[in-house]
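Just below is one structure, and these are the notes that go with it.
The values are calculated or read from the model by the stated rules, or taken from the named source; none is laboratory data. In this text the structure is predicted, and so the values were computed from the model without any measurement. Here the Cβ is made from the backbone with ideal geometry for all residues, glycine too, and neighbour counts use every protein chain on show. Please note that ligands, DNA and RNA were not included when accessible areas were found on the heavy atoms of the full protein model with its side chains. Shrake-Rupley method; radii C 1.70, N 1.55, O 1.52, S 1.80 Å.
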Amino acid sequence: MWSPPPTVPSSGGPGPFALPSRKLGFFERLRIGWQLTKVSLGILRKEKGLIVLPFLSLLLTGAAWLVFLISIFFFTATPTNPFGYWLFYVGLAIVYYVTFFVSIYFNAAVMGAAMIRLNGGDPTISDGLKVANQNLKRIAGWALVSATVGLVLRAFAERFGVIGRIVAGFAGVAWGIATYLVVPVLIFERIGPWAAVKRSGSLLRKTWGEAAGGYLTLGAIFVLLALPAILFFIVGGLAGGIVGLIVGVAIAAVYWLILGLLGAAAQSILVTALYRYATTGKLGFGFPENVFAAGRPTAR
């Protein structure tokens, strides 16, 4: 049976390891971020089945939005149904919550499996789902917070026009940064949503460069992998005209879908690796403890 790794704190405390007391340089932090990216891709290469989890998330959220969009035609306001607008916003709130809950649930499952691999285990998809199931109440609470923030920002953007969209955009980015590590904190330290936000911000302040390095390098890798799909448009159009172009677009869409699912899984693994590094100072997954040389954390 899976249980939280001994090196990961079970509460909001600082954990058994501390990051280096000396200040790391910007490029050194980026180098560590690149190492974290390699760890994440290495796990995904060994655990290819993890792509099933973001695929299930996509299917369920897509189904929820489809039901919502279809229901709009039946519940929009008419002279005989003046409450349609209220029903629309109630439905929007529900589908927002379902979207966040499903996304967080399957992210937690990927992270649970990734942590087992980082600690030297051999996880299965069911192991990841077990981790998510053990944290259902915390996931549900965090989904409610996330959906509420999302709806507030959406309403603000719609209410105040261009200025509102700009402010909501900046606020959304700030919220996303502050909550970058919330899900692993929730499932591995088992604390409430607001305590997890505070803990996430604290960990990210210590590892901002590593997080930026990992995020940028992982993003760049998948952008580069996505570019060759443009050739499908060109080759299809040149070889078969309109029909060939349509076929090329269809092939590219399937390729991008698979790449997007891989990217989602890799991103969840990267967040897990960053969390593990932030709380233990180690990468795991076969990397030597002295991989950072002088920047190696010390036990306390």
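State, to one decimal in nm², a quarter of the convex hull surface area for the C-alpha atoms of region 169-289, i.e. the direction-averaged projected area.
10.1
Working from the pairwise distances between different alpha carbons, so that the mean of 1/r is found and then inverted, what is region 113-239's Kirkwood radius in Å?
Computed over region 113-239, the radius equals 17.8 Å.
Ignoring ligands, DNA and RNA, how do Trp175, Trp34 rank by accessible area with a 1.4 Å probe, largest first?
Largest to smallest exposure gives the sequence Trp34, Trp175.
Once the piece of chain linking Ile177 and Glu158 is laid out straight, how much longer is it, given 0.36 nm per residue of separation minus the C-alpha distance between them?
Extra length from Ile177 to Glu158 when fully extended: 4.5 nm.
Determine the dipole magnitude for region 132-265: charges of +1 sit on the beta-carbon of Lys and Arg, -1 on that of Asp and Glu, nothing else is charged, the reference point is the Cα centre, and the result goes in debye to the nearest 20.
With Lys and Arg at +1 and Asp and Glu at -1, about 560 debye.
Among Val149, Val162, what's the order by accessible area (1.4 angstrom probe), most exposed first?
Val162, Val149
For a 27 Å ceiling on Cα separation, which of these pairs sit above it: Lys38/Lys206; Lys130/Lys206; Lys46/Lys282; Lys137/Lys282; Lys48/Lys130; Lys198/Lys282?
In this structure, Lys130/Lys206; Lys137/Lys282 exceed 27 Å between Cα atoms.
Tell me the volume per residue, in Å³, of the convex hull enclosing the alpha carbons of region 220-273.
47
Considering only the other residues whose Cβ falls under 15 Å of the Cβ of Tyr89, what net charge follows from Lys and Arg at +1 and Asp and Glu at -1?
+1
Summing +1 for each Lys or Arg and -1 for each Asp or Glu, what net charge is found among the other residues whose Cβ lies under 14 Å from the Cβ of Tyr105?
Surrounding charge for Tyr105 is +3.
When the chain is fully extended, how far beyond the present Cα-Cα distance does Leu59 get from Asn133, taking 0.36 nm per residue of separation?
Between Leu59 and Asn133, full extension yields an extra 24.7 nm.
At R0 = 25 Å, how high is the FRET efficiency between Thr124 and Leu225 if r is their beta carbon distance? Nearest 0.05 is fine.
It comes to 0.40.
Rank Leu60, Leu41, Leu186 by accessible area, highest first, at a 1.4 Å probe radius?
Leu60, Leu41, Leu186
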